[in-house]
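Colleague: One structure is given below, represented as structure tokens, and several questions about it will come after.
The values are calculated or read from the model by the stated rules, or taken from the named source; none is laboratory data. Source: prediction; values computed, not measured. Neighbour counts are summed over all protein chains in view; Cβ atoms, including those assigned to glycine, are modelled from backbone coordinates with ideal geometry.
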Amino acid sequence: MRPAQAPGRPGRLADDFFLMAHDETSGKPRLPERIAGLGLAAALLGELALSGRVEPRDGTVAVLDAAACGDELAGRMLEFLKQEQHPTRTWLAFFGGSAHEEVGLRMVGDGLLVRASRRRPWQAGRWVPAAAGVAARPTALLCTALIRGQRLDERSLLLLGLLRATGLDQPVLWEVRQSEPHALRRIDGALALLRPPLAELTGQTEAAVGNAIATRRF
Amino acid sequence: MARGSLAQPGSVSAALARDRLGVPSVVYFVLAGVAPLTVTAGVITTAYAVTGLTSVPAAFIVVAVVLSLFSVGYVAMARHISNAGAFYAFITRGLGREAGVAGALIALLAYNLLQVGLYGMLGPAVEGYVQQKAGVDVKWWIWALAAWAVVTVLGLIRVDISGRVLGALLTLEVLVIAALTVEGAMHPAGGHVTFSTLNPGELTKGGIGAVLAIAVLGYTGFEQSPVYAEEARDSRRTIPAATYFSLAVIGVLYAAASWVLSLHYGVSQVAAVAAQQGPGMLFALGSNVLNNAGQVLFMTSLFAAALAFHNACWRYSFALGREHVLPGSFGRTGVNGVPKTASAVQSAIGLAVILAYAAGGWNPQNDLFFWLGTTGGYGILILLALTSIAVVRFFALERAGENLWRRLIAPGISVVVLLVIVYLCTSNYSLLLGYTKPSMPGKVLPSLFALAAVVGVGWALYLRSRRPQVYEVIGMGPDAATGHGTATPAAAPAASLAGEGA
């Protein structure tokens, strides 16, 4: 088990999305399972895209560099992406099916979460933050940056785009809405700066979430 | 999906297929929205009563054939476009974005009319039942408001059980209709069995437009099957099979039940009995237990239909909100994944209509259920005709690997037949509403759709000049986020994903 990441340094994209998608203290999910899965799958693909290993383009995911990387989960995903050709939407649905479990386990391995046993037989087990402060940190960093009007790096922009795409921006940006509502209006302009492959990823995620909602299968 | 599915490559399609809908599930979703008992007890009896015509069974058969022909091109084109659960997506791709927005507003109006109309039958049905069982007299609109409140709450919270409950109720509905039909057939009036009302030749005797329009109303909901394309195990086969199977099931149920009504009460008497007894004439075919079960299920069926059309309404406004054709708030969802604005606006419309009818003291069954329901059905008829034309034009521009029968012959025939029915309805609208001569409502109600079309075209022209990014993605629904415009069908590959090498 590796030690938890030092405070101040950003964690992995999917880890941040995972923490934001759960209540900071109880670990209760904030999104319906399927929508959270789509968002986490997009965040995992986003990690690969940010590190230049894949590029979402023309509705699919192109593999640029499939060489082994430090992360075991990323390695397995690259293996899939290399072997089969599918539309991005298919990949989101496929990875989305297990992304919750996979990211949760990865974070347990990194010492960020512990798996709490279920309280009642019909309830699912919960992922609870290993230390106070860990869970709230990504939200606090993003909100602070938005409130101060700081320039967001590519990673934060992509995270913001995925929050938008899944509807998770509503609870996560609560503090911004309270203290600096006009900062919300700058988000659209900021998101317009996303590089095309990353904008494609958030667009595909938003479309997948919209379709899941329209069929009420979420 | 099971944990550890990221274990072996080569299993993407297979893993996804496991989680997807087969033909029976899609048929269940579709039929739950059609609500067969609502039509059998509510629409058929009202059709007899209002039009006084005995060609109702024949009309159901003719319309089943017409809609099957329509579906050939409809499900074929659904494979090639995004947002394929919505008529306006077809109209946009086939006839352009201006026609598309016009179609979208016609659909929003039609589904809202169908939805609010149901309160006009549900309220009196509960009122009558409670009066009969408990002797308590509570006004219809109080029950309608109660049903409205439940629809509103279910619309705003996420309920996972509703699918299963609706499925169970649907099964019971179909069984009860079948049992009532068999019981009625065993006791024909005067001991004679006659098939005359099933003969399509009957339709030529008059009022053909009115009867056909009401029959189309009965099938409304069948068009929802492509909504599940992306969820289907193999959308190329699952969606067409589910569409035809749904049409066949309800076609047989409606034709048989309406024929048995004419058989049991006598061809010359059936309209008069319908005028006197309403939905009760269907339940009276059965013994006490069956009669009672039928009445209870009629109420749950009406409720299920109200919920289904509520969903159809928010689905349309949600898709339009995602495109920003309607304000973006319609396309936003709360944290529980529910499009609150889209759902709440439909509920507000329902509340306003119920209160207006209660305050005006108008007849709920006739002026609310039948008039608004029929007008909604007429709107669906217009959309079917427009969609057929769009299918022909779409395949004239790109063949997309479909054969001549799917591209031209079947949709071509359905264009001609649907346009004739639209013409007959429009010219006899007062008769359709139960008037014997031209009337004010007969002019006003169909004109609403012309108004919706004009506003739609105007709005599309405004978007073209002022907000070209929005204009570009008209018709794409949730896929508007991919920003590809209608030139690249983003959903087509995704829709057939489970078919590839699964």
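Colleague: Quick one: is residue B:306 over 27 Å from residue A:21 (Cβ atoms), assigned to a helix (DSSP H, G or I), away from chain A (no Cβ under 11 Å) and not hydroxyl-bearing (Ser, Thr, Tyr)?
Modeller: When the stated conditions are applied, residue B:306 passes them.
Colleague: Can you name every residue in segment A:176-203 that is surrounded by 13 or more Cβ atoms within 10 Å (Cβ to Cβ), of a type in the set (Asp, Glu) and under 20 Å from the mean Cα position of the chain (by Cα)?
Modeller: To start, the set of residues in segment A:176-203 that are surrounded by 13 or more Cβ atoms within 10 Å (Cβ to Cβ) comprises A:176-177, A:180, A:183-184, A:186-187, A:190-191, A:194-195, A:197-203.
This time we only want the ones that are of a type in the set (Asp, Glu), so: A:180, A:200.
Matches in segment A:176-203: A:200 only.
Colleague: Out of everything in segment B:229-276 that is hydrophobic (A, V, I, L, M, F, W, C) and more than 27 Å from residue B:54 (Cβ to Cβ), what residue ends up being farthest from the chain's Cα centre (by Cα)? So that I can check it myself, show each step before the final result.
Modeller: So in segment B:229-276, the residues hydrophobic (A, V, I, L, M, F, W, C) come out as B:229, B:232, B:239, B:241-242, B:245, B:247-250, B:252-253, B:255-257, B:259-261, B:263, B:267, B:270-275.
Filter once more, keeping what is more than 27 Å from residue B:54 (Cβ to Cβ): B:229, B:232, B:239, B:241-242, B:245.
On the way: B:229: 17, B:232: 20, B:239: 16, B:241: 18, B:242: 15, B:245: 16 Å.
By that ranking, first place goes to B:232.
Colleague: Here's another thing I want to ask about it. Just name the residue that is farthest from the other protein chains (Cβ to nearest Cβ) out of those in segment A:20-35 that are surrounded by fewer than 24 Cβ atoms within 10 Å (Cβ to Cβ) and part of a helix (DSSP H, G or I).
Modeller: The qualifying residue farthest from the other protein chains (Cβ to nearest Cβ) is A:33.
Colleague: Test each condition in (1) over 30 Å from residue B:356 (Cβ atoms); (2) touching a residue at least 40 places away in the same chain (Cβ under 8 Å); (3) not acidic (Asp, Glu) for residue B:168 and report the one that comes out false.
Modeller: Result: residue B:168 passes all but (2).
Colleague: Let me ask another. Only one residue in B:242, B:274, B:284 is within 14 Å of another protein chain (Cβ to nearest Cβ) and small (Gly, Ala, Ser). Which one? First the steps, then the outcome.
Modeller: Numbers: B:274 fails: within 14 Å of another protein chain (Cβ to nearest Cβ); B:284 fails: within 14 Å of another protein chain (Cβ to nearest Cβ).
Unique residue meeting the criteria: B:242.
Colleague: I've got another one for you. Looking at A:41, A:66, which one is of a type in the set (A, V, I, L, M), modelled with pLDDT under 90 and touching a helix residue (DSSP H, G or I) at 6+ places or on another chain (Cβ under 8 Å)?
Modeller: Within the list A:41, A:66, the selection yields A:66.
Colleague: If residue A:79 satisfies all but one of (1) more than 12 Å from chain B (Cβ to nearest Cβ); (2) more than 16 Å from the chain's Cα centre (by Cα); (3) surrounded by 14 or more Cβ atoms within 10 Å (Cβ to Cβ), what's the number of the condition it fails?
Modeller: All conditions pass for residue A:79, except number (1).
Colleague: Can you pull out the helices (runs of 4 or more DSSP H) entirely within segment B:1-108 that have at least 1 residues that are more than 26 Å from residue B:371 (Cα to Cα), touching a residue at least 60 places away in the same chain (Cβ under 8 Å) and under 18 Å from the mean Cα position of the chain (by Cα)? If you could, list the steps in order and put the result at the bottom.
Modeller: Values: elements: B:12-18, B:23-34, B:44-51, B:56-78, B:87-95.
Output list reads B:23-34, B:56-78, B:87-95.
Colleague: With touching a residue at least 40 places away in the same chain (Cβ under 8 Å) and assigned to a helix (DSSP H, G or I) as the only criterion, which of A:163, A:105 stands out?
Modeller: Details: A:105 fails: touching a residue at least 40 places away in the same chain (Cβ under 8 Å).
Unique residue meeting the criteria: A:163.
Colleague: Here are some residues: B:232, B:189, B:213. Which one is hydrophobic (A, V, I, L, M, F, W, C) and more than 26 Å from residue B:315 (Cβ to Cβ)?
Modeller: Details: B:232 fails: more than 26 Å from residue B:315 (Cβ to Cβ); B:213 fails: more than 26 Å from residue B:315 (Cβ to Cβ).
The match here is B:189.
Colleague: When you go through (1) assigned to a helix (DSSP H, G or I); (2) modelled with pLDDT of 90 or more; (3) surrounded by 16 or more Cβ atoms within 10 Å (Cβ to Cβ) one by one for residue A:170, which number turns out not to apply?
Modeller: (2)
Colleague: Hey, another quick one. Suppose we filter segment A:72-92 for residues that are assigned to a loop (DSSP other than H, G, I, E, B) and free of Cβ contacts under 8 Å to residues at least 24 places away in the same chain; how many remain? Working first, answer last.
Modeller: Residues of segment A:72-92 assigned to a loop (DSSP other than H, G, I, E, B): A:84-86.
Next, only the ones that are free of Cβ contacts under 8 Å to residues at least 24 places away in the same chain stay: A:84.
Number of matching residues: 1.
Colleague: Name, by its number, the condition in (1) within 13 Å of chain A (Cβ to nearest Cβ); (2) surrounded by 24 or more Cβ atoms within 10 Å (Cβ to Cβ) that does not hold for residue B:335.
Modeller: (2)
Colleague: Out of (1) more than 11 Å from every other protein chain (Cβ to nearest Cβ); (2) surrounded by fewer than 23 Cβ atoms within 10 Å (Cβ to Cβ); (3) under 30 Å from residue B:313 (Cβ atoms), what's the single condition that is false for residue A:162?
Modeller: Every listed condition holds for residue A:162 apart from (2).
Colleague: Another question, then. Within segment B:190-213, identify whether any single residue is touching a Cys at 6+ places or on another chain (Cβ under 9 Å), touching a residue at least 24 places away in the same chain (Cβ under 8 Å) and under 30 Å from residue B:348 (Cα atoms), and answer yes or no.
Modeller: Going residue by residue through segment B:190-213, those that are touching a Cys at 6+ places or on another chain (Cβ under 9 Å) are B:209-210, B:212-213.
With touching a residue at least 24 places away in the same chain (Cβ under 8 Å) added as a condition, the list becomes B:209-210, B:212-213.
When the remaining residues are screened for being under 30 Å from residue B:348 (Cα atoms), the result is B:213.
Checking segment B:190-213: at least one residue is touching a Cys at 6+ places or on another chain (Cβ under 9 Å), touching a residue at least 24 places away in the same chain (Cβ under 8 Å) and under 30 Å from residue B:348 (Cα atoms).
Colleague: Related question: Does residue A:173 satisfy the criteria of being over 14 Å from the mean Cα position of the chain (by Cα), without any contact (Cβ under 8 Å) to a residue 12 or more places away in the chain and within 14 Å of chain B (Cβ to nearest Cβ)? Walk me through how you get there before you give the answer.
Modeller: Numbers: over 14 Å from the mean Cα position of the chain (by Cα): yes; without any contact (Cβ under 8 Å) to a residue 12 or more places away in the chain: no; within 14 Å of chain B (Cβ to nearest Cβ): yes.
So residue A:173 fails the test.
Colleague: Would you check if residue B:476 is surrounded by fewer than 21 Cβ atoms within 10 Å (Cβ to Cβ) and either within 14 Å of another protein chain (Cβ to nearest Cβ) or over 15 Å from residue B:98 (Cβ atoms) (or both)? It would help to see each step written out before you state the result.
Modeller: Numbers: surrounded by fewer than 21 Cβ atoms within 10 Å (Cβ to Cβ): no; either within 14 Å of another protein chain (Cβ to nearest Cβ) or over 15 Å from residue B:98 (Cβ atoms) (or both): yes.
It is false that residue B:476 is surrounded by fewer than 21 Cβ atoms within 10 Å (Cβ to Cβ) and either within 14 Å of another protein chain (Cβ to nearest Cβ) or over 15 Å from residue B:98 (Cβ atoms) (or both).
Colleague: Here are some residues: B:279, B:327. Which one is in contact (Cβ under 8 Å) with a residue 60 or more places away in the chain, closer than 29 Å to residue B:109 by Cα and in contact with a Gly (Cβ under 7 Å, 6 or more places away or on another chain)?
Modeller: That would be B:279, the only listed residue that is in contact (Cβ under 8 Å) with a residue 60 or more places away in the chain, closer than 29 Å to residue B:109 by Cα and in contact with a Gly (Cβ under 7 Å, 6 or more places away or on another chain).
Colleague: So is residue A:146 out of contact with any strand residue (DSSP E or B) (no Cβ under 6 Å at 6 or more places or on another chain) and either within 20 Å of residue A:53 (Cα to Cα) or at the interface with chain B (Cβ under 10 Å from one of its Cβ atoms) (or both) or not? I'd like the intermediate steps shown before the answer.
Modeller: Details: out of contact with any strand residue (DSSP E or B) (no Cβ under 6 Å at 6 or more places or on another chain): yes; either within 20 Å of residue A:53 (Cα to Cα) or at the interface with chain B (Cβ under 10 Å from one of its Cβ atoms) (or both): no.
Judged against the criteria, residue A:146 is not a match.
Colleague: Moving on. As an exercise: evaluate residue A:47 against (1) within 29 Å of residue B:338 (Cα to Cα); (2) within 14 Å of another protein chain (Cβ to nearest Cβ); (3) without any contact (Cβ under 8 Å) to a residue 60 or more places away in the chain and give the number of the one condition it does not meet.
Modeller: All conditions are met except number (2).
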